[in-house]
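The values are calculated or read from the model by the stated rules, or taken from the named source; none is laboratory data. Values in this document were obtained by computation on a predicted structure and should not be read as measured data. Heads up, the Cβs are rebuilt from the backbone with ideal geometry, glycines too, and the neighbour counts pull from every protein chain shown.
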Amino acid sequence: MPSAVVRNAARAAVSGMARVAPTPLPAEVAAVMALTNQDRLANGCPALAPNPILMGTAQAHSADMALHHFFAHLSSTGLTPAQRILAAGYQWAAVAENIAAGYPTAQSVVDTWFNETPPNDPHRANMLNCQLHDVGVGYYYLAVDANSVAYHEYWTEDFGTLASS
């Protein structure tokens, strides 16, 4: 289950007030970030830096999908990832998002995103986009899942690059 700190960060991101990264990171979130960076480094991209705003937006979207019983990039209120991230205060030049549901471990979700075959590989492409510099990862576990498909685990990986000042 997400910690109270992560749940509070998710609430703050939804309200556009996310400014502090949850500490300590849940093991699942830290593992997704480490595995993503491992794949990036192996493919010539620099490691992504965790960003507190993206951490909040990713957690908020994972919670939104779980608690409102849907699986999509659009939020329950109809906002795109770019709109959600901008509303939270991340002034981006580039932004991307990976979502997944039903994967029980960080390894299984990163493997699924990474092992897509080109040209049908938008998740892998996001992970290996060297123009993206920041990352936030959200994970939400819902024990009693009333979704039409009971996924239980909801994952979001938000990527971004800040606009120049």
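Scan the helices (runs of 4 or more DSSP H) fully inside the range 64-165 and keep the ones with 3 or more residues being over 19 Å from Ala27 (Cβ atoms).
It comes to 81-87, 122-127.
Can you pull out every residue in the range 71-84 that is in contact with a helix residue (DSSP H, G or I) (Cβ under 8 Å, 6 or more places away or on another chain) and surrounded by 15 or more Cβ atoms within 10 Å (Cβ to Cβ)?
Correct list: Phe71, His73, Ser75, Leu79, Pro81, Arg84.
Kindly indicate whether Asn115 is at pLDDT below 95, closer than 24 Å to Gln38 by Cβ and more than 14 Å from the chain's Cα centre (by Cα).
no
Starting from the range 85-104, take each residue that is closer than 16 Å to Thr156 by Cβ and surrounded by fewer than 17 Cβ atoms within 10 Å (Cβ to Cβ) and list its partners that are modelled with pLDDT of 95 or more and among the hydrophobic types (A, V, I, L, M, F, W, C), counting only C-beta distances under 8 angstrom and pairs at least six apart or across chains.
Matching pairs, first to second residue: Ala87/Leu79.
Confirm whether Leu54 is of a type in the set (A, V, I, L, M, F, W, C) and at pLDDT 95 or above.
So Leu54 fits the description; yes.
Could you tell me how many of the residues in the range 112-123 are under 20 Å from Leu74 (Cα atoms) and either surrounded by fewer than 17 Cβ atoms within 10 Å (Cβ to Cβ) or polar (S, T, N, Q) (or both)?
The total comes to 2.
Identify all residues within the range 124-160 that are farther than 18 Å from Met65 by Cβ and either of a type in the set (Gly, Ala, Ser) or surrounded by fewer than 18 Cβ atoms within 10 Å (Cβ to Cβ) (or both); write none if there are none.
Listed by number, the residues that qualify are Ala125, Leu128, Asn129, Cys130, Gln131, Gly160.
Please work out if Val95 is within 15 Å of Ser62 (Cβ to Cβ), at pLDDT 95 or above, touching a helix residue (DSSP H, G or I) at 6+ places or on another chain (Cβ under 7 Å) and of a type in the set (A, V, I, L, M, F, W, C).
In short, no.
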